[in-house]
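Pasting a structure below so you can have a look.
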Amino acid sequence: MAVVLNKISSPGWTREFPDLPSAVVELRKHVCRGCLSGAPEEGEPPLDRVEDGILVECHDAISLLNTSCGYEFSLEGDHGLWTDD
Ligand SMILES: [Zn+2]
């Protein structure tokens, strides 16, 4: 079973991906720079960080889904992140 990315907020859509990494690449496109930068004043570390002058992109699906942009999305299917009961 593939990984399905749902946009919950209107206008919603559903897209299917062959695996989790490709779904995360799509999800990242919908998370704004502000969310990726975190909220250091609230003790939230940035998702994307710069190490030795190189941008390290966050590809952790759960962290991305937990941003305010990410709340508009859900992942279903065979992503292996958690078990659906
Ligand atoms: Zn955002």
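Using DSSP to define loop residues, name the chymotrypsin sites (Phe, Trp or Tyr not before Pro) in region 51-85 whose beta-carbon has at most 16 other beta-carbon atoms within 10 Å.
W82
With θ set to phi - 60° and the Karplus curve 6.51 cos²θ - 1.76 cosθ + 1.60, what are the ³J(HN,Hα) couplings of region 21-38 in order, to the nearest whole Hz, using x for Gly and Pro?
x, 6, 5, 5, 4, 5, 4, 4, 5, 9, 9, 6, 4, x, 5, 5, 7, x
Moving on to the next point. For region 5-16, what does the Karplus curve 6.51 cos²θ - 1.76 cosθ + 1.60, with θ = phi - 60°, yield as ³J(HN,Hα) per residue in whole Hz, taken in order and with x for Gly and Pro?
Whole-Hz 3J(HN,Hα) from phi for region 5-16: 9, 10, 9, 7, 6, 7, x, x, 8, 9, 10, 10.
What does the convex hull of the Cα atoms come to per residue for region 1-74, in Å³?
That works out to 90 Å³ per residue.
Now, a different point. For a quick check: with amide H placed at 1.01 Å from N, whose amide H comes under 5 Å from F73's, ignoring anything fewer than 5 positions away on the same chain?
I8
Grab the other residues whose beta carbon is less than 13 angstrom from that of L36, score K and R as +1, D and E as -1, and report the net.
Result for the local shell: 0.
Provide the per-residue ³J(HN,Hα) series for region 55-65, in order, calculated from phi with Karplus coefficients 6.51, -1.76, 1.60 and θ = phi - 60°, each as a whole number of Hz, with x at glycine and proline positions.
Once θ is set to phi - 60°, the couplings for region 55-65 become 6, 9, 7, 7, 10, 8, 4, 5, 4, 5, 5 Hz.
Show the residues, 5+ positions off or on another chain, whose built amide H is closer than 5 Å to the amide H of A39.
The list, which skips near neighbours in sequence, is E44.
Separate question: Using amide H atoms built 1.01 Å from N in the peptide plane, name the residues 5+ places from H79, or on other chains, whose amide H lies under 5 Å from its own.
Residues meeting the criterion, in which the H sits 1.01 Å from N, do not exist here.
What is the list of residues in region 13-36 whose amide nitrogen lies under 19 Å from a point 7 angstrom out from the Cα of D48, following Cα to Cβ?
So the set is 21-36.
Taken together, the values in this text are just the output of simple stated rules run on the coordinates, not laboratory data. Note that the structure is predicted; figures quoted are calculated from it, not measured. Note that each Cβ is placed from the backbone with ideal geometry, even for glycine, and that neighbours are counted across all protein chains shown.
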